[in-house]
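Quick notes on the structure that follows.
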């Protein structure tokens, strides 16, 4: 009898801890796709504060940044997770690319060095992710080496993925092209800056993060 009771308690505790599992949700994508803008939108909606600084200069985010216990609600459901914003993934980072943004040579070289380190850290963190939102600029060609590298790394790890085709408010946005490039994943067209389709994005997130 005691053994039976002990087994019941153990199953209850296991189910309790399982239900309280801390989901780690990562935002990945190439530089300037809108990852931090989306992170800021999510945090502003549910925490009342932003995650970090977004900029038109590539690799503004060069270190992993996160917010604990972000809880979103949709259709009477709740989903809590640790939101992780990662540096933009790039296959090549050249300091000269930063010079056209009015950075001096010293600043450009330092940013390139930090950005390279950030890319390495972002890839390492993939092993800790329970689910990932890949943020892509829907005005650009989705068949880039960087995008294929990101998706390939996620597929190899069998991580649940939602693709956020960002910047749908811009004239050149092409969600269909993103869908054709990665048909194995759900693609959600959004504007992280304006909040377009953000409610539908939250609803879709529940289906991806199980």
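The values are calculated or read from the model by the stated rules, or taken from the named source; none is laboratory data. This structure is a prediction, so every number in the text was calculated from the model and none was measured. We place every Cβ from the backbone using ideal geometry, glycine too, and count neighbours over all the protein chains shown.
Observations, loosely collected:
- Within segment 59-76, the residues that satisfy the criterion of being touching a residue at least 40 places away in the same chain (Cβ under 8 Å), closer than 28 Å to residue 100 by Cα and surrounded by fewer than 18 Cβ atoms within 10 Å (Cβ to Cβ) are 63, 64.
- Unmet criterion (only one of (1) out of contact with any helix residue (DSSP H, G or I) (no Cβ under 8 Å at 6 or more places or on another chain); (2) touching a residue at least 12 places away in the same chain (Cβ under 8 Å)) for residue 157: (1)
- Residue count for segment 159-177, restricted to those that are more than 16 Å from the chain's Cα centre (by Cα) and closer than 21 Å to residue 26 by Cα: 0
- Of all residues in segment 105-127 being surrounded by 14 or more Cβ atoms within 10 Å (Cβ to Cβ) and over 17 Å from residue 85 (Cβ atoms), the one that is nearest to the chain's Cα centre (by Cα): 116
- Selection within segment 128-176 - part of a helix (DSSP H, G or I) and surrounded by 13 or more Cβ atoms within 10 Å (Cβ to Cβ): 146, 147, 148, 149, 150, 151, 153, 154, 155, 175
- Restricting segment 190-200 to residues that are outside any strand (DSSP E or B) and touching a helix residue (DSSP H, G or I) at 6+ places or on another chain (Cβ under 9 Å), the residue that is surrounded by the fewest Cβ atoms within 10 Å (Cβ to Cβ) is 195.
- Residue 97 being assigned to a helix (DSSP H, G or I), modelled with pLDDT under 95 and within 16 Å of residue 32 (Cα to Cα): yes
- Checking 119, 135, 187 one by one, the residue that is under 12 Å from residue 28 (Cα atoms) and in contact with a helix residue (DSSP H, G or I) (Cβ under 8 Å, 6 or more places away or on another chain) is 135 and no other.
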